[in-house]
1. List, in order, the whole-Hz ³J(HN,Hα) value for each residue of the range 251-257 obtained from phi through the Karplus relation with A = 6.51, B = -1.76, C = 1.60 and θ = phi - 60°; use x for Gly and Pro.
2. Along the charge dipole of the chain, pointing to its positive end and built from +1/-1 on Cβ of Lys, Arg, Asp and Glu, which listed residue (Asn170, Leu260, Leu81) has its Cα farthest out?
3. Please work out how much accessible surface Arg220 shows to a 1.4 Å probe, ignoring ligands, DNA and RNA, in Å² rounded to 10.
4. For the pair Glu175 and Met290, what calculated FRET efficiency results from E = 1/(1 + (r/R0)^6), where r is the Cβ-Cβ distance and R0 = 35 Å, to the nearest 0.05?
5. Of all beta bridges DSSP finds with both residues in the chain, what is the antiparallel percent, to the nearest 5?
6. Using a 1.4 angstrom probe and counting only protein chains, how large is the accessible area of Ser35 in Å², to 10?
7. Hey, if we sort Asp291, Asp114 by accessible area with the 1.4 Å probe, largest down, what's the order?
8. What is the list of residues in the range 29-51 whose amide nitrogen lies under 17 Å from a point 7 angstrom out from the Cα of Glu80, following Cα to Cβ?
Amino acid sequence: MINIWKVDFAAVHDGPGIRTSVYLKGCRLRCLWCSNPEGQTSKPDLVYRQVRCIGCGFCEEKCPAGAIQLKKDCGLRQPELRVERGKCNLCGECVRACPSKALEIWGENWQISDAIKIIEKNRLLYRKTGGGVTFTGGDPLCQGEALLVLLQYCRKNGIHTAMETSAYGNGEIFEKVLEEVDWLFIDIKHMDPEEHLKITGKGNDLILENLKRASYVLGRRGRDLVVRMVVVPGLNDGENIYRAAEFLRSLPYLKGVELLPYHRYGMSKYDQLERVYRLPELLPPSAELMDRSKAAIISAGLQVLP
């Protein structure tokens, strides 16, 4: 079994060509700026979209666990719904009862055979565009055994694979992944161990160790390794970019670096999951900051990828 929360059949930013991006549940990091909080947990999430709610109350009536409370007259333009997450068993009765689709469950356990059917669906498109399948999340390493089965299937059947990961995961599984994947994106957050712990909840020793390992193995195999960095103003910009560039320059192989500007697109998801977004006032980086960050990478003799 493998838990998937989203499939994009026309992805163009996570590897060459037109791709099927498969989003897997689970991530061991808790980055303050994470735009996919629904991918963090290993189990499905009940999501409430208030703008769709018509206040009919069917969800509250049908919930067998008594986990839903609906306030229809709360002085707001829209009804207000609260879910007691500790009571909710994700049975889906409320979702099936909701006529306006205000409630959804993100994340579903799939049989490996069904996941393969999804991957095979666009095989002709892969051939025409040089595309393939990309495993992302969350972090696919959290479902390492199932991931390996899919990577091995793709390799044996001539389907190009890419994967995006924080590289925070079991070293033995990671070694096996490196022998199967064709294109690897590794996201690095901060070079300072203490700062990394503050902004992600984990240290960075394992990540940097796995990045070195990936550079050696993928260089030997002639496969692609790209490092991604989200530039978050005030958290990992400035001197940290120079430190990252120096570290990356020391690797035996690296195709290039992608610098991505922090954005606020995922903020609404925290409300839908009844979670608190911890950077509510932070704005995206300016064009000038992004240019300086790219210049720091280039000055180290590294290629900045578009």
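1. Using θ = phi - 60°, the values come out as 6, x, 7, 7, 5, x, 10 Hz.
2. Selected residue: Leu81.
3. 130 Å²
4. 0.50
5. 40 percent
6. 40 Å²
7. Output order, biggest surface exposure first: Asp291, Asp114.
8. 48-51
The values are calculated or read from the model by the stated rules, or taken from the named source; none is laboratory data. All of these numbers come straight from a predicted model, not from anything done at the bench. Heads up, the Cβs are rebuilt from the backbone with ideal geometry, glycines too, and the neighbour counts pull from every protein chain shown. The protein model used for the area step is the full one, side chains on, heavy atoms only, and it has no ligands, DNA or RNA in it. Shrake-Rupley method; radii C 1.70, N 1.55, O 1.52, S 1.80 Å.
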